[in-house]
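Have a look at the structure below, then the notes.
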Amino acid sequence: MDGGHQKRAFTYVDDGISALMKIIDNKDGKASGQIYNIGNPANNYSIRELAQMMLDLARVYPEYQLNADKVQVVETTSGQYYGKGYQDVQNRVPKIANTMADLDWKPGVTMADALRGIYDYYRDQVAASRDLSE
């Protein structure tokens with residue numbers, strides 16, 4: 001939408017869960033009554049960049065390469081997709097300084113590692129499903 005220029009700070013689930021566990025642990029009561037943003041500001045990419053990264057990675061996997069080569073990114077406007085009056089924040093990046101300081105936590109999974117982990121997990125699930133059906 002709108003050229004895919006809107007940016008988001010993507011967070012791998014393992015990073016998010018580790019932050020939540022720190023909050024639940026509440027060491028020395030630091031998290032009591034606090035509000036924390038959880039995210040990875042270093043993984044701030046546009047939706048278009050995300051799509052391109054996914055396609056580039058798909059081409060590395062032989063079973064996805066052919067289909068990835070056929071994919072075309074199609075642009076549409078937010079008005080066409082959502083209707084008149086739709087508004088969106090162009091760049092969402094969480095401020096996590098207090099989360100890191102209070103909880104002794106920081107996100108550690110890069111976007112490249114996150115996407116590869118997702119692809120690998122998906123491949124394993126597809127393989128396991130095939131094994132069950134044979």
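Values computed for the structure shown
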item	result
Evaluation of P41 against (1) touching a helix residue (DSSP H, G or I) at 6+ places or on another chain (Cβ under 7 Å); (2) at pLDDT 95 or above (one fails), failing number	(1)
Hits in the range 60-75 - residues which are surrounded by 10 or more Cβ atoms within 10 Å (Cβ to Cβ), over 16 Å from D120 (Cβ atoms) and polar (S, T, N, Q)	N67
Residues that are in a loop (DSSP other than H, G, I, E, B), closer than 18 Å to R92 by Cβ and not β-branched (V, I, T), drawn from the range 34-72	Y36, N37, G39, N40
Unique match (being among the basic types (K, R) and either at pLDDT below 95 or within 19 Å of the chain's Cα centre (by Cα) (or both)) among K106, K30, K70	K106
Residues (of a type in the set (A, V, I, L, M), in contact (Cβ under 8 Å) with a residue 24 or more places away in the chain and surrounded by 11 or more Cβ atoms within 10 Å (Cβ to Cβ)) located in the range 76-134	V93, I96, L103, V109, M111, A112, A114, L115
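The values are calculated or read from the model by the stated rules, or taken from the named source; none is laboratory data. On a predicted model such as this, the values are computed, not experimentally measured, just so you know. Cβ: placed from backbone, ideal geometry, glycine included. Neighbour counts: every protein chain shown.
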